[in-house]
Each structure stands twice: as structure tokens, then as C-alpha cells.
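Single-structure report; data block below.
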Amino acid sequence: GAADAVARTLASGDAAAALAAVEPLARAHPSWQRARFLRGRALEALGRVDEAARELEISVNLAPSDAEAWRALGGLLAREGGALEADRADEALRNALALEPAWSDLRALRAQLAQRRAGLAAASTAPRASGPSEKARGLFQEAEEWIEVGDPAGLGSEQLDQALADSPGYVAAAVTAYSLK
């Protein structure tokens, strides 16, 4: 029928013609899952990623047992979704694999997503390279002044400890504190 003609047009590489053909079908039958799926694929082929993701999301909601729709959604989110979409992409790929366990390429894509998420998690917990706070800089400057005059009461060392407590990544304070010990 009409959906098959749209699928053939899309497969031939003419996404614009496929979108033009599927638009009236999707408007006339908003709950027709196949029309929403084909509209999503045509939008994706035209580079309209956000709209494509929305259509594919509707498609999987209308037909949760459509492995091809889950595959398309997961693949799109994995390729184009960025860090924020990694969990949704993985969920969609997991659903596709649950329905079609033979799609081993999706296992590789899920592994790539897991690596990307692990890298992002590590980066988000890494110390920031923004440098020491103003408070830590002030404490360090005072500590250096005390050290210059011999630091008879150990106040410089105390201020270095405070500077490091405030900004643990303050390299100059750490080096100076280490050299005093």
C-alpha cells in the first residue's frame, strides 16, 4: 500500500519525496505507527534529527513490539543525541535487542555507548582546571610572606594547609607545602 511505496522511495535515497508522500498519511492517521516510523526515517535522512527522534519516539510508543522502530530510535540517539541522550539510546537499543537478539551490531553500538558514558562520568568527576580560588591565593601569598621572614610561629605552613583545603588542586601551594616538610 501507501506505506510500502513510501518505504521504497526512502530506500531509493529520495528522502524529500518520501517525506512529501508520508506527510499526508501521518496527518490523516496520527496513530498509524508505520506512517510515523517512515516519517521519522525520512526526517532523519534529511538531517532533521530532533523531529526525527520525536517521530520515532511516537512510533515506539504506538507499537512497543516493533524492533525496527526501536533500532532506528536507538541508532539515531546514539549517533546524534550526544551525552544527554546516551541513556535513552541505550534503552532503545536494549529494547530492539530484546525483540531481535540476532542484531549483533547493536551490541557493539551499546558497548560504544557504555564507553562514552564511562568517559563522561570520569570527566565529570575530574577536578576542574579553573585554578585556585581568590581566598586560596590570598592565603598562599600570606604564607609566602611568613616563609620569607623565617616563619617563626609556623603561620605560613598553617596558611598553606588552609589554601590547600580550599583549593586542593593549587599546585604552587602544594609544592611549597611539600618543600617545607
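Side notes on the structure shown:
- Taking the criterion of being of a type outside the set (Gly, Ala, Ser) and either more than 10 Å from LEU109 (Cα to Cα) or open to solvent by less than 10 Å² (accessible area, probe 1.4 Å) (or both), the residues of segment 75-89 that qualify are LEU76, LEU77, GLU80, LEU84, GLU85, ASP87, ARG88.
- Residue among ALA20, ALA26, ALA35, ALA69 that is open to solvent by 50 Å² or more (accessible area, probe 1.4 Å), under 18 Å from VAL6 (Cα atoms) and assigned to a helix (DSSP H, G or I): ALA20
- None of ARG79, ARG116, ARG128 is within 35 Å of the chain's Cα centre (by Cα) and modelled with pLDDT of 85 or more except ARG79.
- Tally, over segment 50-66, of residues that are open to solvent by less than 40 Å² (accessible area, probe 1.4 Å) and over 17 Å from ASP4 (Cβ atoms): 5
The values are calculated or read from the model by the stated rules, or taken from the named source; none is laboratory data. Only a predicted model underlies this, so the values are computations on that prediction, with no experimental measurement involved. Note: ideal-geometry Cβ built from the backbone for every residue, glycine included; neighbour counts use all protein chains shown. Ligands, DNA and RNA are excluded from the accessible area calculation, which covers all protein heavy atoms including side chains. Shrake-Rupley method; radii C 1.70, N 1.55, O 1.52, S 1.80 Å.
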